[in-house]
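Structure, as structure tokens:
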């Protein structure tokens, strides 16, 4: 699914356009306040830009003019629930009143599937995230790593056309990060994904391409390894300091 | 974890608690237990108690029906004049109930703003059981709105945002995420509203009058009995205390303990 995005939001000094190709994972890098999370919120429909246009798989998500009267076509703004752009945030945000299984079944249920079919689908995704044994628990009884795995399963069960990951590993215990990274590596293959991260390792492991933002604009972009091997900005140079990219691509992960 | 508090706060707190407990104890000691049964089961008393329970329950339902959308509007949306609207909605909290009664009478009374319209339709609201329910709803509604709005703000909109990106329409988000999340605030708000409605006196007397079986609720009956039969008034007062206490203990839990 191709995702084409162009938006201006003056309140947050954002002016960015980019494309995510089918099956591609694009990492957004940049210092705090550079506009990474704003792009995610605008893509998800949680924030309305002043102007711009985004399409997903040919469908218009928003099409807003600075002065709507001055052009031939009307403004379009799809609400979040009609976009199938699922957000996975820093916090797992599992619904505390629902069991793990019902959390994962929430997306299919909202899409109109029967309770039984939704639960069946939920069990499949819980198995894919290797947390089947947690299905009957309440979110309050999970560790941070377990909760984030369930959140991944819930996001995928909603069959997103575009997956939005906003620093999905920042809030995790250090010990839980490698396993989570491997899980994401496995499930993100062949999906269109925007990944906001502060960690160059996440970008290397998960992203085909990186976009570096500075003050709401794109300052650098390209294939992950190429950008990291020849950083053009101080931010990227500092971010990748000490990373040795001369050894070639990493060996494929054989087991999780 | 137990966090220590300075001992003097406990001493002051004990004095404060005594200030509330002592008058209740004092009243209990004045009850003529030999006549208690006869006093609280008299026809007038039973009629007043049943009317109070019935009208307070109806008021609580009205508070829930209108208060939850009001709390949602105040906590989850932005509109011009929102601060003013909140202040006006919460006005009955600080208004003397008799003023509320006069306001209701000026609106729904026979010569009131809407009264003539209702008159034409053959409906007379003032001095009816409907008026009791309206008076109680008027004073109790802010308790529910305040409680639910506070819970909505505390729970934040992040769960709702995630639910929306998972494909849930606003209606589904409200039903499956928002309302379950604010359930504790909803329950404690409803309990407070019920208790406030149960104790309503001033607005009821002004707007609904004091007709046995129709508008004379338990607080009105207690006030009336006090003029003629002090023992009966004390006995009924104890019944009201007991009902209020049962409701509070059974359902009201402070937030954070559930």
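What the table below lists for this structure:
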read-out: Using a Förster distance of 45 Å, the FRET efficiency for residue B:85-residue A:90 (Cβ separation, nearest 0.05); value: 0.85
read-out: Distance (nanometres) between label positions extended 7 Å along Cα→Cβ at residue B:183 and residue B:98; value: 4.4
read-out: Choice from B:99, B:177, B:40 showing the highest fluctuation, given a GNM over chain B with Cα pairs closer than 10 Å; value: B:177
read-out: Evaluated over chain B, the Cα radius of gyration and Dmax, each in Å; value: 21.3, 67
read-out: Cβ-Cβ FRET estimate between residue B:18 and residue B:175, R0 fixed at 41 Å, reported to 0.05; value: 0.35
read-out: Highest-fluctuation residue, B:163, B:135, B:195 considered, GNM on chain B with Cα pairs under 10 Å; value: B:163
read-out: Chain A - mean residue ellipticity at 222 nm from DSSP helices (-39,500 (n - 2.57) per run, n ≥ 4, rounded to 500); value: -8500 deg cm²/dmol
read-out: For residues of B:100-107, the mean tally of beta carbons on other chains within 10 Å; value: 0
read-out: Residue mean of other protein chain beta carbons inside 10 Å, B:167-176; value: 5
read-out: Helix-only mean residue ellipticity at 222 nm for chain B, each DSSP H run of n ≥ 4 adding -39500 (n - 2.57), per residue, nearest 500; value: -23500 deg cm²/dmol
read-out: Residues listed by number, the range B:21-51, amide nitrogen under 12 Å from residue B:242 label point at 7 Å toward C-beta; value: B:33, B:36-41
read-out: Relative packing of peptides B:228-237, B:87-96 - highest average C-beta neighbours within 10 Å first; value: B:228-237, B:87-96
read-out: Nitroxide proxy distance, nm - points 7 Å out along Cα→Cβ at residue B:251 and residue A:60; value: 5.0
read-out: Pairwise centroid distance, computed over Cα atoms, of the range A:35-50 with the range A:73-117, Å; value: 17
read-out: The range A:146-212-the range B:91-163 distance, computed between alpha-carbon centres (Å); value: 50
read-out: Residue-averaged beta-carbon neighbours from other chains (10 angstrom radius) around A:80-89; value: 5
read-out: Label-point gap, in nm, between residue B:154 and residue A:48 - each point 7 angstrom along Cα→Cβ; value: 3.2
read-out: Nearest-0.05 FRET efficiency for residue B:117 and residue B:11, computed from C-beta distance (R0 51 Å); value: 0.30
read-out: Base-10 log of normalised Debye intensity for the range B:111-175 (one unit scatterer per alpha-carbon) at q = 0.12, 0.14, 0.23, 0.29 Å⁻¹; value: -0.60, -0.67, -0.96, -1.15
read-out: Taking the range B:55-215 and dividing mean pair separation by its residue count, relative contact order in percent (alpha carbons under 8 Å, at least six apart); value: 40
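Computed from the coordinates by the stated procedures, all read-outs in this text should not be read as laboratory data. Remember, it's a predicted structure, so these values are computed and weren't measured experimentally. A quick note on method: Cβ atoms are made from the backbone with ideal geometry, for glycine too, and the neighbour counts reach across all protein chains shown.
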